[in-house]
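Visitor: Provided herewith is a single structure, encoded as structure tokens, for subsequent inquiry.
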Amino acid sequence: MADVEGARRALQDVLGSDEVLSDPLALRLYARDASMVEGGCALVAFPHSTEHIVACVRIAAAHGLPVVPRGSGTGLAGAATPIGDALVVVTAKMNDIVEVRLQDRLAWVEPGLFNLDLSTALRPTGFTYAPDPSSQQTSSIGGNVNTNAGGPHCLAYGVTSAHVLALDVVMADGTVERLGGEGPEAPGYDLRGIVVGSEGTLGIVARVCVRLTPLPPAVRTMLLDFTDVSDCAATVSEIIARGVVPAAVEMMDHGIIVAAESFAHAGYPTDAAAILIVEIDGLPSGVEAQAHEVEAAARANHVRTIRVAADDAERALLWKGRKSAFGAVAQIAPHYHLHDCVVPRTKLVDVLAGVYAIAKRHDLIVTNVFHAGDGNLHPLLSFDRRVPGTLERVLEASDEIVRLCVDAGGALSGEHGIGLEKRDFMPLVFTDEDLAAQACVRDAFDPEHRMNPQKVLPAGARCGDFAMMRGSDAAEAAANLPEGSWI
Amino acid sequence: MDLIHPHSKHDTADAVRDAASRGCRLLVIGGRTHVDRGNPSDVDAELWTTMMDEVVAYEPAEMLAVVEAGMRVGDLQATLAEGGQEWPVDAPHEATVGGVIATGVSSFRRLRLGHVRDTVVELELVKGDGVLMKSGARTVKNVTGYDVHRLATGSLGTLGVIVQVALKLRPRPQVRRTLTLEGHGLELGRRLLETVPLPSAVIAGPGRASLWLEGWADEVEEQTTAARSIDPALAVEDQPVPFEPLDIGSPTVVEAAVPPSRIAELVAGRDDWTALMGVGIVWFELPDGPEPLAELRVRVAEAAGVAPVIKGVGGLGDGPIPAGTIHRRLKASFDPAGIMAPGRFWRGI
């Protein structure tokens, strides 16, 4: 039985009374992340150091509370939505850049640092931190590590995992381990690679050593405008087939173009069926050669106009429309449900058509803005949940979209993660044996399931036991689920 | 020594399950090109993956290839070349895909292309208990579940047998070129890193440095011009595509890995080294015998690095690993009978 009051007093002794919250408003505020899933928690703590995090983990264990790590709370899959008598450990106040070492092309940062603040601070050095999730103004590096975040520029540069050299992690037993290293190879199994993307279920990331990437000498950003969605999607495959890997290839459909344009005034063609934002970087001559190929690919697929950003200001404007798209959809309806799944690039046209058909069948508005180069779709359903029956239709459509992507040979999530929202879809893509192996990994880190329990793996996935949980066990697990979850 | 030569992943699963029931210890063998990596391991049988050498799926527009683990790297590259692509690994022709991944051998071009682990997007593993499992997906981006494939990469066959993988590819560049500069290798290497944007590799040694360039023709020319500002007399050699693997000839070769800023102190006063500048890999060619290796390992440890032997005798060394308990639990759950190359990994795992 959890001793919340004992834990609160012990935490206040170490962190100070201002850094431990238990009032009803705070508990409500931290009861969810940016997903649709609402949970509940017993305490919220704001550590300022690795030692504070250690104290949080140890005190929670001693008083029987599960621990839910949280960065900025921008996660979209419910990984930071706490359940039951949880202690939510918020790393937002640990936001320093500890050290930048250009010769080693690395920086040590605290987990609460905003992604964009790191890139901005690095810019004068000629280096950058490459992953750039669209949430980068508010999402934290620690959160990015835990979701293995992507972003538009991951097409050429790779996702977060390729840019994290080492992690200081407070493990479930309260010990601190440095996983990975500052050098190019570290001894042992790649535990760093397992923790990246583990959604806070294996430990709390207390410090991150990120890899720095040289800023490219030249960048060209192009806006390609199409009157047919299929032509737009086909251009993506054609660019790749021509041997060009742009830094980013982003696609927006008509609905989202209109919403983003009225919000960002980026000069998007509001009568287009779809647009592509293609960014190429590298050496000036290489950029020239690749731009030539991109234009040829677009022309072969009936592009209407090609606009090239003339300067940094115009480039920023083109990206502003893209990166603020999810905010802009508030103009369509008060609520939205954002999907994240990946399909083979060559299936984009068919899957998009399927997504439109699903939305139409359920009488819902769907818009699409996504990382087309990676095949990473983000269908966005806009709705008003106050209208009776609407949420149910959204959930049914969502279920169908996930199955459509999986049937096309895709994955459940490209960058948002599994969390609570998709964990019970896991058997769609993994066998019992696959899930058991994953459960073994989790148990190796946290045999008592103290860290962010009930996330990622479906109820009943167990190490060493392939039988999925049935009957009363499953009913009990379902009973623990927070209200509003649709898993 | 018994020999097991399975034809399929299900054959492999049967063989490993049988071996586990008998306590028969296995060493997984691919092309035998990286077999010196790891500590010595007493085994009862070798399991060869080389009969599993089919391309399962290859669609150039996806920039992914799914292949069986016993496929030779040279055969794979020939197939990919037809699609205008490559797997960015510079292993010998006869190395196998599974062997390269199990030993975690990255390209010499990792300064620009990254680590081999970031090219493995899906992996099927027959665990030490004979159970076949999969992790990842055949998409370039994926965050679905725990990335067990990252554990298998570089695990030296101590968790199971890699039987199939999906690999992230890249376009085959138009042009490849090597520039060689004579002089103080480290100093030249440093200046090349500062002066030439986006090189694929800067390789320094005593008395010389070379620059590996690749890409569009104009781009390579532009970089060549930049390098000439350091030494107008540099030697230019256009290379076959792909690059030939670096040839390091002595009987014992150590692959030290240190933060790049520590290379200088590591090689000071020596003439037996080749360094990947900006990356932190330094190869040392050592004479036979334990003392030169022991002396080098002390030096590397002081520079916050590790120094496994990759050719010859000497194993991984006895540096510490983090989270020893977690390592042991992982080994016990993936290989409960302890048959997969016991002791070959770090710290006797």
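The values are calculated or read from the model by the stated rules, or taken from the named source; none is laboratory data. Note that the coordinates shown come from a computational prediction; the quantities given were computed from them, not determined experimentally. Every residue, glycine as well, gets a Cβ built from its backbone with ideal geometry; the counts of neighbours run over all protein chains shown.
Visitor: Taking the options B:GLY70, B:GLY99, name whichever one is modelled with pLDDT of 95 or more, assigned by TED's automatic domain parsing to the domain that holds B:GLY154 and either at positive phi or in a helix (DSSP H, G or I) (or both).
Guide: Only one candidate qualifies: B:GLY99.
Visitor: Residue check, A:ASP424 against (1) under 23 Å from A:HIS371 (Cα atoms); (2) modelled with pLDDT under 95; (3) not in a loop (DSSP other than H, G, I, E, B), all met but one. Which one?
Guide: (1) is the only condition that A:ASP424 fails.
Visitor: Let me ask something else about it. Output the number of residues of segment A:440-451 satisfying the condition of being surrounded by fewer than 24 Cβ atoms within 10 Å (Cβ to Cβ) and more than 9 Å from chain B (Cβ to nearest Cβ).
Guide: Total meeting the criteria: 4.
Visitor: Could you tell me whether any residue of segment A:312-329 is closer than 26 Å to A:VAL245 by Cα, more than 14 Å from every other protein chain (Cβ to nearest Cβ), free of Cβ contacts under 8 Å to residues at least 60 places away in the same chain and touching a Gly at 6+ places or on another chain (Cβ under 8 Å)?
Guide: yes
Visitor: Same structure, new question: Taking interchain pairs and intrachain pairs at least six residues apart, which have beta carbon atoms under 7 angstrom, with the first residue in segment A:374-394 and farther than 30 Å from B:ARG170 by Cβ and the second of a type in the set (Asp, Glu)?
Guide: What qualifies is A:THR390/A:ASP384; A:ARG393/A:ASP363.
Visitor: Does B:LEU159 satisfy the condition of being touching a Leu at 6+ places or on another chain (Cβ under 7 Å), crowded, with 24+ Cβ neighbours inside 10 Å and farther than 24 Å from A:ALA149 by Cβ?
Guide: yes
Visitor: At least 1 residues that are at positive phi and within 13 Å of chain B (Cβ to nearest Cβ) in each: list the helices (runs of 4 or more DSSP H) lying fully within segment A:175-275 that qualify.
Guide: In segment A:175-275, no matching helices (runs of 4 or more DSSP H) lie anywhere.
Visitor: Let me ask you something else. Out of B:LEU156, B:LEU193, which single residue is at pLDDT 95 or above, within 12 Å of chain A (Cβ to nearest Cβ) and in a loop (DSSP other than H, G, I, E, B)? Working first, answer last.
Guide: Values: B:LEU193 fails: in a loop (DSSP other than H, G, I, E, B).
Residue meeting the stated conditions: B:LEU156.
Visitor: What's the number of the condition B:LEU296 fails, among (1) within 7 Å of chain A (Cβ to nearest Cβ); (2) surrounded by 20 or more Cβ atoms within 10 Å (Cβ to Cβ)?
Guide: The failed condition is (1).
Visitor: From the set of residues in segment A:283-297 that are in contact (Cβ under 8 Å) with a residue 60 or more places away in the chain and more than 14 Å from A:GLY243 (Cα to Cα), which is nearest to the other protein chains (Cβ to nearest Cβ)?
Guide: Among those residues, the one meeting the criterion is A:LEU283.
Visitor: Just need a number here: residues in segment B:159-185 that are more than 13 Å from chain A (Cβ to nearest Cβ), more than 28 Å from B:SER8 (Cα to Cα) and assigned to a strand (DSSP E or B).
Guide: Residues in segment B:159-185 being more than 13 Å from chain A (Cβ to nearest Cβ), more than 28 Å from B:SER8 (Cα to Cα) and assigned to a strand (DSSP E or B): 7 in total.
Visitor: Considering only residues of segment A:444-471 that are over 24 Å from the mean Cα position of the chain (by Cα) and assigned to a helix (DSSP H, G or I), which is modelled with the highest pLDDT?
Guide: A:ALA444
Visitor: Take segment A:426-454 and flag every residue that is among the aromatic types (Phe, Trp, Tyr) and either assigned by TED's automatic domain parsing to the domain that holds A:ASP374 or under 23 Å from A:VAL67 (Cβ atoms) (or both). Spell out how you get there, then give the answer.
Guide: Just the residues of segment A:426-454 that are among the aromatic types (Phe, Trp, Tyr), to begin with: A:430, A:445.
Answer for segment A:426-454, where residues must be among the aromatic types (Phe, Trp, Tyr) and either assigned by TED's automatic domain parsing to the domain that holds A:ASP374 or under 23 Å from A:VAL67 (Cβ atoms) (or both): just A:PHE445.
Visitor: Additional query: Output the number of residues of segment A:152-173 satisfying the condition of being closer than 30 Å to A:GLY243 by Cα and at the interface with chain B (Cβ under 10 Å from one of its Cβ atoms).
Guide: Result for segment A:152-173: 11.
Visitor: If the Cβ limit is 6 Å and pairs must be 6+ apart or interchain, which residue in segment A:105-129 that is within 14 Å of chain B (Cβ to nearest Cβ) pairs with which residue that is part of a helix (DSSP H, G or I) and surrounded by fewer than 18 Cβ atoms within 10 Å (Cβ to Cβ)?
Guide: What qualifies is A:THR128/A:SER119.
Visitor: I would also like to ask the following. Of all the strands (runs of 3 or more DSSP E) wholly in segment A:289-406, which have at least 2 residues that are assigned by TED's automatic domain parsing to the domain that holds A:HIS265 and within 30 Å of B:GLU219 (Cα to Cα)?
Guide: Values: elements: A:305-308, A:335-338, A:365-371, A:379-383.
Correct list: A:305-308.
Here is a yes/no grid of residues against (1) in contact with a strand residue (DSSP E or B) (Cβ under 7 Å, 6 or more places away or on another chain); (2) outside the structural domain of A:ALA439 (by TED's automatic domain parsing); (3) farther than 20 Å from A:HIS163 by Cβ:
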| site | (1), (2), (3) |
| --- | --- |
| A:VAL196 | yes, yes, no |
| A:GLY200 | yes, yes, no |
| A:ALA206 | yes, yes, no |
| A:CYS209 | yes, yes, no |
| A:MET222 | yes, yes, yes |
| A:SER230 | no, yes, yes |
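Results for (1) closer than 29 Å to B:SER210 by Cα; (2) touching a residue at least 24 places away in the same chain (Cβ under 8 Å); (3) facing chain A (nearest Cβ under 8 Å), shown as yes or no for each residue.
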residue: B:VAL300; (1), (2), (3): yes, yes, no
residue: B:GLY312; (1), (2), (3): yes, yes, no
residue: B:ALA332; (1), (2), (3): no, no, no
residue: B:ILE339; (1), (2), (3): no, yes, no
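Visitor: If you don't mind, there's one more thing I want to ask. Every residue in segment B:254-290 that is in a loop (DSSP other than H, G, I, E, B), within 19 Å of the chain's Cα centre (by Cα) and either more than 10 Å from chain A (Cβ to nearest Cβ) or among the small types (Gly, Ala, Ser) (or both), please.
Guide: Initially, segment B:254-290 is screened for residues in a loop (DSSP other than H, G, I, E, B), giving B:258-259, B:268-272, B:277-280, B:287-289.
Now drop any that are not within 19 Å of the chain's Cα centre (by Cα), which leaves B:258-259, B:277-280.
If the condition is that a residue be in a loop (DSSP other than H, G, I, E, B), within 19 Å of the chain's Cα centre (by Cα) and either more than 10 Å from chain A (Cβ to nearest Cβ) or among the small types (Gly, Ala, Ser) (or both), then B:MET277, B:GLY278, B:GLY280 are the ones that fit.
Visitor: A:SER135 is checked against (1) closer than 30 Å to B:ALA275 by Cβ; (2) more than 10 Å from chain B (Cβ to nearest Cβ) and fails just one. What number does that condition carry?
Guide: For A:SER135, the exception is condition (1).
Visitor: Quick check: anything in segment A:379-391 in contact with a Cys (Cβ under 9 Å, 6 or more places away or on another chain) and at pLDDT 90 or above?
Guide: There is at least one residue in segment A:379-391 that is in contact with a Cys (Cβ under 9 Å, 6 or more places away or on another chain) and at pLDDT 90 or above.
Visitor: So, one more: What number of residues within segment A:283-309 are within 30 Å of B:PRO199 (Cβ to Cβ), at pLDDT 95 or above and hydrophobic (A, V, I, L, M, F, W, C)?
Guide: Looking only at that region, the number is 7.
Visitor: For segment A:13-24, name all the residues that are farther than 10 Å from A:PHE46 by Cα, out of contact with any Leu (no Cβ under 8 Å at 6 or more places or on another chain) and surrounded by 16 or more Cβ atoms within 10 Å (Cβ to Cβ).
Guide: If the condition is that a residue be farther than 10 Å from A:PHE46 by Cα, out of contact with any Leu (no Cβ under 8 Å at 6 or more places or on another chain) and surrounded by 16 or more Cβ atoms within 10 Å (Cβ to Cβ), then A:VAL14 is the only one that fits.
Visitor: Here is a list: A:ARG28, A:ARG32. Which entry is crowded, with 21+ Cβ neighbours inside 10 Å, of a type in the set (Lys, Arg) and under 25 Å from the mean Cα position of the chain (by Cα)?
Guide: None of the other options fit; the residue is A:ARG32.
Visitor: Tell me, please, whether a residue that is modelled with pLDDT of 95 or more, out of contact with any helix residue (DSSP H, G or I) (no Cβ under 7 Å at 6 or more places or on another chain), part of a strand (DSSP E or B) and among the charged types (D, E, K, R) can be found in segment B:132-150.
Guide: no
Visitor: Return the residues of segment B:300-349 that are at positive phi and small (Gly, Ala, Ser); say none if nothing qualifies.
Guide: Correct list: B:ALA304, B:GLY312, B:GLY314, B:GLY315, B:GLY317, B:ALA323, B:GLY338, B:ALA341, B:GLY343, B:GLY348.
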